[in-house]
């Protein structure tokens with residue numbers, strides 16, 4: 001199911017702390033950075049914080065700029081983004097600022113916590129039970145499908161950030177580094193211990209803001225199972241954009257492909273009719289650029305804008321077979337092959353029968369189809 005774009009936002013000390021243990025909130029950002037955060041809030045559909053952050057910081061989470069609120073209203077959006085919190089127990093303070101400022105409020109909780117939250121908050125917020133335990137993927141799917149949230153800003157706390165990153169659900173991390181040390185082992189840290197996805201994050205950009213530095217990162221490591229990670233959407237979108245580079249054709253699809261190692265390293269990319277070969281397929285072009293003995297291939301993921309072909313007339317081996325021969329065990333695609341040129345095409349069936357996991361992200365199907373509109377309407 002489609003999910004919102006999840007943006008994690010945090011400010012930390014040089015030694016990685018979110019706060020100290022004093023009675024007052026430690027201010028890590030500068031005035032200019034607070035204004036940047038206000039700008040980001042104005043750009044999103046919803047802002048989420050954990051219930052612990054509400055208890056510890058009593059935030060309002062508002063768009064403070066009247067001009068930005070007016071711009072949202074002029075665009076037909078609510079003046080304030082939807083405010084969201086997550087609690088397992090449902091133990092919430094009904095007098096907190098969170099409930100009495102801004103626009104709509106939403107609580108995600110467990111079945112058990114829903115009764116307590118509803119009793120405490122009354123009509124102040126909508127309460128959504130997620131089952132016996134908190135399920136982040138179910139939460140994000142509900143935000144997207146039921147509440148229409150396309151972009152979600154997450155402002156803490158550290159436990160929430162940790163869980164979203166560990167589950168591969170964060171699309172971007174915006175981290176502000178403040179020029180001070182906390183040094184107290186009892187103070188809250190940004191990220192907790194646990195099993196994170198492997199590989200290095202990709203740096204999207206840096207920016208100096210008075211005496212702090214903003215760093216923007218995105219995860220690159222592919223998912224490992226049947227459920228897509230945030231990085232899967234990034235790489236598949238890249239493959240779909242590659243399809244637009246294909247020389248036009250009336251007799252073949254325009255397809256892009258990227259091969260990515262388990263640690264997020266791009267091994268190769270290709271697109272249909274690349275170079276001087278008028279019949280080469282995208283997956284074929286990408287795999288040909290990788291040494292067949294590369295030990296990273298068995299753990300790699302092939303991203304293809306169109307389902308790898310199961311049959312073809314131009315070459316002896318279809319792309320599904322080439323992927324199996326290469327030892328790749330995971331494929332992510334946006335669009336199942338239609339019957340335009342091959343009846344009952346089923347590259348997914350060929351791959352699955354060979355033990356390759358196939359993940360389809362239909363939310364990117366329109367992007368994959370765009371350079372093929374003249375073929376499929």
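A few points about this structure:
- Of all the numbered requirements in (1) surrounded by fewer than 20 Cβ atoms within 10 Å (Cβ to Cβ); (2) under 28 Å from the mean Cα position of the chain (by Cα), residue 364 misses one, and that requirement is (1).
- Some residue of the stretch 332-355 being under 22 Å from the mean Cα position of the chain (by Cα), buried (at least 16 other Cβ atoms within 10 Å of the Cβ) and over 17 Å from residue 243 (Cβ atoms): no
- Test for residue 304: is it in the same structural domain as residue 264 (by TED's automatic domain parsing) and surrounded by fewer than 19 Cβ atoms within 10 Å (Cβ to Cβ): no
- Within the stretch 220-235, considering residues that are touching a strand residue (DSSP E or B) at 6+ places or on another chain (Cβ under 6 Å) and assigned to a helix (DSSP H, G or I), the one farthest from residue 361 (Cα to Cα): 235
- Residue match in the stretch 209-216 (condition: modelled with pLDDT of 95 or more and within 15 Å of the chain's Cα centre (by Cα)): yes
- Residue ID - nearest to the chain's Cα centre (by Cα), chosen from residues in the stretch 279-306 that are assigned to a loop (DSSP other than H, G, I, E, B) and under 18 Å from residue 244 (Cβ atoms): 305
- Qualifying positions in the stretch 337-361 - at pLDDT below 95 and out of contact with any helix residue (DSSP H, G or I) (no Cβ under 7 Å at 6 or more places or on another chain): 339, 341, 342, 343, 344, 345, 346
- For the stretch 236-260, a residue qualifies if it is in contact with a strand residue (DSSP E or B) (Cβ under 7 Å, 6 or more places away or on another chain), in contact (Cβ under 8 Å) with a residue 40 or more places away in the chain and surrounded by fewer than 24 Cβ atoms within 10 Å (Cβ to Cβ), and the qualifying residues are 238, 241, 246.
- Selection over the stretch 353-376 of residues that are assigned to a helix (DSSP H, G or I) and over 26 Å from residue 250 (Cα atoms) gives a count of 1.
- Some residue of the stretch 190-208 being under 25 Å from residue 227 (Cβ atoms) and free of Cβ contacts under 8 Å to residues at least 12 places away in the same chain: yes
- Selected residue (criterion: surrounded by the most Cβ atoms within 10 Å (Cβ to Cβ)) from residues of the stretch 38-76 that are under 21 Å from the mean Cα position of the chain (by Cα), in contact (Cβ under 8 Å) with a residue 60 or more places away in the chain and not in a loop (DSSP other than H, G, I, E, B): 48
- Taking the conditions (1) in contact with a helix residue (DSSP H, G or I) (Cβ under 8 Å, 6 or more places away or on another chain); (2) over 23 Å from residue 365 (Cβ atoms); (3) not in a helix (DSSP H, G or I) in turn, residue 313 satisfies each one other than (1).
- The residue list 3, 28 contains one member that is part of a loop (DSSP other than H, G, I, E, B), out of contact with any strand residue (DSSP E or B) (no Cβ under 8 Å at 6 or more places or on another chain) and more than 21 Å from residue 117 (Cα to Cα), which is 3.
- Only one entry of 342, 350, 332, 328 meets the criterion of being touching a residue at least 40 places away in the same chain (Cβ under 8 Å) and in a loop (DSSP other than H, G, I, E, B), and that entry is 328.
- Test: residue 275 is surrounded by fewer than 21 Cβ atoms within 10 Å (Cβ to Cβ), part of a loop (DSSP other than H, G, I, E, B) and on the phi > 0 side of the Ramachandran plot: yes
The values are calculated or read from the model by the stated rules, or taken from the named source; none is laboratory data. Computed from a predicted model, the values in this text were never measured in an experiment. Note that each Cβ is placed from the backbone with ideal geometry, even for glycine, and that neighbours are counted across all protein chains shown.
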